[in-house]
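The values are calculated or read from the model by the stated rules, or taken from the named source; none is laboratory data. Please read these numbers as outputs of a predicted model, since none were measured by experiment. So basically every Cβ, Gly included, is an ideal-geometry build from the backbone, and we count neighbours across all protein chains shown.
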Amino acid sequence: MRNLYRFAALRACADSAPVSSETASARFFAMLAVTHHANTIRSPGTLDALAAELADGRYWLAQKLIVAKGRTRRFAGAFAIARKPELIEFLADAIDRGDLREMLIAAEWTDGEPNLVVHVGEDGSFAIHTLASAYIDP
């Protein structure tokens, strides 16, 4: 099965360097781990509510698509980096077009794992996963 989905409608950060497939895979699985081990989950009901919870800055987006062969799992989705305004615009357009894909979104981070991961469902639902040590009441 070939995945032809790309974040073509997303205006990417002009100051972002291309991301290697190894880096994209590592970032995706770090985000996925947070969704599996999060102690706090919030579900904003709308895109505006989600936008209000996200800080300004750059975000990593990864289409949630995993290919498994035996015990080996591999990230096979699209990956992009965008700033918050472009991210919200992209999500709004995808919802309007009916072309929203399941994805994980996290603020850019350098070491360890992200503090916050947003799971976006194909139906336009949002779930914010936060580790207990990183949760700050908004």
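Which residues, taken from segment 54-65, are touching a Phe, Trp or Tyr at 6+ places or on another chain (Cβ under 8 Å) and in a strand (DSSP E or B)? Residues satisfying the conditions are 60, 61, 62, 63.
Consider segment 7-29 and keep the residues that are among the aliphatic types (A, V, I, L, M) and out of contact with any strand residue (DSSP E or B) (no Cβ under 8 Å at 6 or more places or on another chain). The one that is modelled with the lowest pLDDT is 14.
Answer yes or no: is there a residue in segment 118-126 that is acidic (Asp, Glu) and in contact with a helix residue (DSSP H, G or I) (Cβ under 9 Å, 6 or more places away or on another chain). So far as segment 118-126 goes, no, none of its residues is acidic (Asp, Glu) and in contact with a helix residue (DSSP H, G or I) (Cβ under 9 Å, 6 or more places away or on another chain).
Yes/no matrix, rows are residues, columns are (1) out of contact with any His (no Cβ under 6 Å at 6 or more places or on another chain); (2) at pLDDT below 95; (3) part of a helix (DSSP H, G or I):
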{"residue": "36", "(1), (2), (3)": "yes, yes, yes"}
{"residue": "52", "(1), (2), (3)": "yes, no, yes"}
{"residue": "67", "(1), (2), (3)": "yes, yes, no"}
{"residue": "74", "(1), (2), (3)": "yes, yes, no"}
{"residue": "77", "(1), (2), (3)": "yes, yes, no"}
{"residue": "80", "(1), (2), (3)": "yes, yes, no"}
{"residue": "86", "(1), (2), (3)": "yes, yes, yes"}
{"residue": "90", "(1), (2), (3)": "yes, yes, yes"}
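Filtering segment 97-113 to residues that are out of contact with any helix residue (DSSP H, G or I) (no Cβ under 6 Å at 6 or more places or on another chain), in a loop (DSSP other than H, G, I, E, B) and of a type outside the set (Gly, Ala, Ser) leaves 99, 101, 102, 108, 109, 110, 111.
Criterion applied to 84, 69 was being surrounded by fewer than 18 Cβ atoms within 10 Å (Cβ to Cβ), charged (D, E, K, R) and out of contact with any helix residue (DSSP H, G or I) (no Cβ under 9 Å at 6 or more places or on another chain), and the one residue passing it is 69. In segment 42-74, the qualifying residues are those that are of a type in the set (A, V, I, L, M, F, W, C) and more than 18 Å from residue 129 (Cβ to Cβ), and the one that is nearest to the chain's Cα centre (by Cα) is 65.
The set of residues in segment 30-64 that are surrounded by 15 or more Cβ atoms within 10 Å (Cβ to Cβ) and touching a Lys or Arg at 6+ places or on another chain (Cβ under 8 Å) comprises 32, 51, 54, 58, 59, 60, 62, 63, 64. Does residue 113 meet the test of being surrounded by 13 or more Cβ atoms within 10 Å (Cβ to Cβ), without any contact (Cβ under 8 Å) to a residue 40 or more places away in the chain and not hydrophobic (A, V, I, L, M, F, W, C)? Against the criterion (surrounded by 13 or more Cβ atoms within 10 Å (Cβ to Cβ), without any contact (Cβ under 8 Å) to a residue 40 or more places away in the chain and not hydrophobic (A, V, I, L, M, F, W, C)), residue 113 does not qualify.
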